[in-house]
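Worksheet for the structure shown next.
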Amino acid sequence: MSTISVNHVAKAFGNAQAVRDVSFEVLPGEIFGLLGPNGAGKTTSIRMILDIFKPDRGSIGVFGADAGRMTAAMRDRIGYLPEERGLYKDARVEDCVLYLAELKGVARAEAKRRAASYFEQFDLTPHRGKKISELSKGMQQKVQVICTLIHQPALVIIDEPFSGLDPVNTRLVQEVLLRERERGTSIVMSTHQMYQVEEMCNRLVLINKGESVLYGEVNEVRRRYASHSVRVTAQGIFPTLAGVVETERKGNSRTFKLPPHLSQQDFLLILAAEPHLQIEAYALAIPTMDDIFVRVVGAGAEAAAT
């Protein structure tokens, strides 16, 4: 059973059509990327899943039930980290975490035990008595993550979870989220950091102008957009072949677009036969999610302009 099922939903605010036609599902135990440019309809979609907004059309299921009929117990199984941060600035770190945990039904003693463990993981133990306003932006973000996870939700929705974090703390939050996935938690991650999508997400949906324009497994999507190109790392002199176009060069690595009649295997055999070329690596040139994002969103912008 899907943790989330979104079927052809639409939402307008007056004359502004925020979401036109969005569909996707989120499965148990996966990190799902919810992607799109600013203003694409991602936040509106999230708020409809959480039953903050009602869809004008379509249906949304959460934990197998209509999102519009979620009970308090169902809501307690959800952890939400919005892009707009919402901690109590004058509250002390530990008091804030415990209060929000208790709102989600965690007993005080258990909340203290979990909080102590998270403070240790996130290197916040020396700061647990400080006010939220006294923390750096990165520390505040780590507290937000703790508040999102402390009640051990079955569904986590996180919007730009790595905002304000340095590389060390980014890796720390990554590890925590990956452990949550191993625990069977469904995680919806909205981010503009495409390398995080490649590293962490199982599947994704890309929303543009309020519509789902790309949906599927991350690796399958990347292969789908791979052109007939290969990336070769080698020492020596590359041969010049008719129809083979070099499209990129980085150090000893070059990317070649092959003509339709030349297979990747035959091109490798040609290179391997070159006496003055030592091949170190040879692979299909699969585009990054950043490249795909720009290609899909850019194509939509060009179509709208014509």
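Observations on the model:
- Straight-distance crosslink candidates among aspartates and glutamates, where the alpha carbon sits under 19 Å from Lys130 and sequence neighbours closer than 8 are dropped: Asp90, Glu94, Asp95, Glu120
- For the chain, the alpha carbon positions stretch 72, 49, 35 Å along the principal axes, listed from largest to smallest.
- Between the range 70-128 and the range 162-231, the Cα center-to-center distance that results, in Å: 25
- The GluC sites (Glu not before Pro) of the range 32-121 that meet both conditions, a loop assignment by DSSP and at most 16 other Cβ atoms within 10 Å of the site Cβ, are Glu83, Glu84.
- Cα gyration tensor shape for the range 20-70, rounded if a/c is under 1.5, else prolate or oblate: oblate
- Those aspartates and glutamates that a straight Cα-Cα span of less than 18 Å connects to Lys257, excepting residues fewer than 8 apart in one chain: Glu246, Glu248, Asp266, Asp291
- The angle between the Cα long axis of helix 167-182 and the longest principal axis of the Cα atoms of the chain comes to about 80 degrees, rounded to the nearest 10.
- Summing +1 for each Lys or Arg and -1 for each Asp or Glu among the other residues whose beta-carbon sits under 9 angstrom from that of Met289 gives -2.
- Taking the longest Cα principal axis of the chain as reference, the axis of helix 93-103 is set at about 80 degrees.
- Magnitude of the charge dipole for the chain, about its Cα centre and with charges confined to Cβ atoms of Lys, Arg (+1) and Asp, Glu (-1), is about 680 debye.
- Tilt relative to the chain, helix 137-149 - C-alpha long axis, 0 to 90 degrees, to 10: 70
- Ile270-Ser136 FRET efficiency (beta carbon distance; Förster radius 45 Å; 0.05 resolution): 0.20
- Along the axis of the charge dipole computed for the chain (Cβ charges of +1 for Lys and Arg, -1 for Asp and Glu, origin at the Cα centre), the listed residues Gly64, His276, Ile286 are led at the positive end by Gly64.
- Expressed as a fraction of 2.2 N^0.38 Å, the C-alpha radius of gyration for the range 1-142 is 1.24.
- Only helices enter the 222 nm calculation for the chain: every DSSP H run of n ≥ 4 contributes -39,500 (n - 2.57), and dividing by all residues gives -10500 deg cm²/dmol, rounded to 500.
- Simple label model, 7 Å out from Cα along Cβ direction - Glu102 to Glu248, nm: 5.4
- Partners for Lys54 among lysines (Cα-Cα distance below 29 Å; same-chain residues under 8 apart left out): Lys11, Lys42, Lys104, Lys209
- Of Pro126, Met139, Val93, farthest towards positive along the dipole that unit charges on Lys, Arg, Asp, Glu beta carbons give the range 80-231: Pro126
- Geometric extent, Cα atoms of the range 227-284 - Rg, Dmax (angstrom): 10.3, 28
- Kirkwood hydrodynamic radius (C-alpha pairs) into Stokes-Einstein, the range 113-255, 37 °C and 0.692 mPa s, D in µm²/s: 176
Each reported figure results from applying straightforward, stated rules to the coordinates on display, with no laboratory input. As the structure is a computational prediction, the values presented were derived from the model and not from experiment. Ideal geometry is used to build each Cβ from the backbone, glycine not excepted, and the neighbour counts take in all protein chains shown.
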